[in-house]
Structure formats: structure tokens, C-alpha cells
1. For residues in segment 9-36 being open to solvent by less than 100 Å² (accessible area, probe 1.4 Å) and either part of a loop (DSSP other than H, G, I, E, B) or among the hydrophobic types (A, V, I, L, M, F, W, C) (or both), which is modelled with the lowest pLDDT?
2. Kindly state which strands (runs of 3 or more DSSP E) lie completely within segment 37-99 and contain at least 1 residues that are surrounded by 14 or more Cβ atoms within 10 Å (Cβ to Cβ), small (Gly, Ala, Ser) and touching a helix residue (DSSP H, G or I) at 6+ places or on another chain (Cβ under 6 Å).
3. Just checking, does segment 56-63 include any residue being charged (D, E, K, R) and farther than 13 Å from VAL28 by Cβ?
Amino acid sequence: MGSKLGGISESKGVANSLELDSLAQFAVDEHNKKQNSLLQFGKVVSSKEQVVAGTVHYITLEALDGGQKKTYEAKVWVKPWLNFKELQAFEVVDAAASA
């Protein structure tokens with residue numbers, strides 16, 4: 001069965017990895033603009049999506065903050081038919097450096 005409308009499900013894996021990397025980079029860039037910070041995108045750790053009027057992507061990602069690796073969760077709403085993309089949330093999950 002497909003995704004339940006409005007329900008949050010795991011993203012479709014590797015086929016979307018370039019799109020997810022692009023959305024994660026967008027989230028970091030938007031966060032940097034809004035917060036006047038200099039985070040550097042590292043990699044996507046995991047992601048989930050929710051089908052609404054478009055798709056909301058919940059992306060867990062790693063980024064460098066002043067040389068320290070941190071884990072963040074980003075929420076990006078996408079409506080491709082309108083060329084619409086919006087960062088709705090971006091917050092640190094784990095500030096501990098990964099060794």
C-alpha cells in the first residue's frame with residue numbers, strides 16, 4: 001500500500017538521495033540566512049515525509065558549526081508545481097561532537 005494521506009512515512013530511500021541532499025542543503029542555507037550563522041552541510045542522516053498540499057520533508061542532518069559536528073532536524077515544505085520551497089523548522093538535536 002502507498003502512504004496514508006497526511007501520515008508521516010519513511011522517505012523512499014536512495015532514489016531520492018540527491019533530492020534529499022538538495023533539500024538539506026537548502027535548509028542549512030535558509031537557516032544561515034535567517035540566523036546569520038555559518039553552518040556547513042555535512043550529510044543527511046535520515047528523513048521522513050508527509051504528503052499534504054505538497055510534501056513536508058523531515059530531515060535529520062549533520063552540519064559543522066565552527067568546526068564542531070552537530071545533528072539538526074529540519075522541516076521543509078515543498079510544492080513542486082508552484083516552484084515553492086519553505087524551511088519551516090530547523091533545530092539542533094545533538095550538540096555533542098561525533099568522534
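1. Among residues in segment 9-36 that are open to solvent by less than 100 Å² (accessible area, probe 1.4 Å) and either part of a loop (DSSP other than H, G, I, E, B) or among the hydrophobic types (A, V, I, L, M, F, W, C) (or both), the one modelled with the lowest pLDDT is ALA15.
2. Of the strands (runs of 3 or more DSSP E) lying wholly inside segment 37-99, those with at least 1 residues that are surrounded by 14 or more Cβ atoms within 10 Å (Cβ to Cβ), small (Gly, Ala, Ser) and touching a helix residue (DSSP H, G or I) at 6+ places or on another chain (Cβ under 6 Å) span 40-52, 54-65, 68-79.
3. No, segment 56-63 contains no residue that is charged (D, E, K, R) and farther than 13 Å from VAL28 by Cβ.
The values are calculated or read from the model by the stated rules, or taken from the named source; none is laboratory data. What you see is a predicted model, and the numbers here were worked out from it, not measured in a lab. Note: ideal-geometry Cβ built from the backbone for every residue, glycine included; neighbour counts use all protein chains shown. Surface accessibility is based on the protein's heavy atoms, side chains included, excluding ligands, DNA and RNA. Shrake-Rupley method; radii C 1.70, N 1.55, O 1.52, S 1.80 Å.
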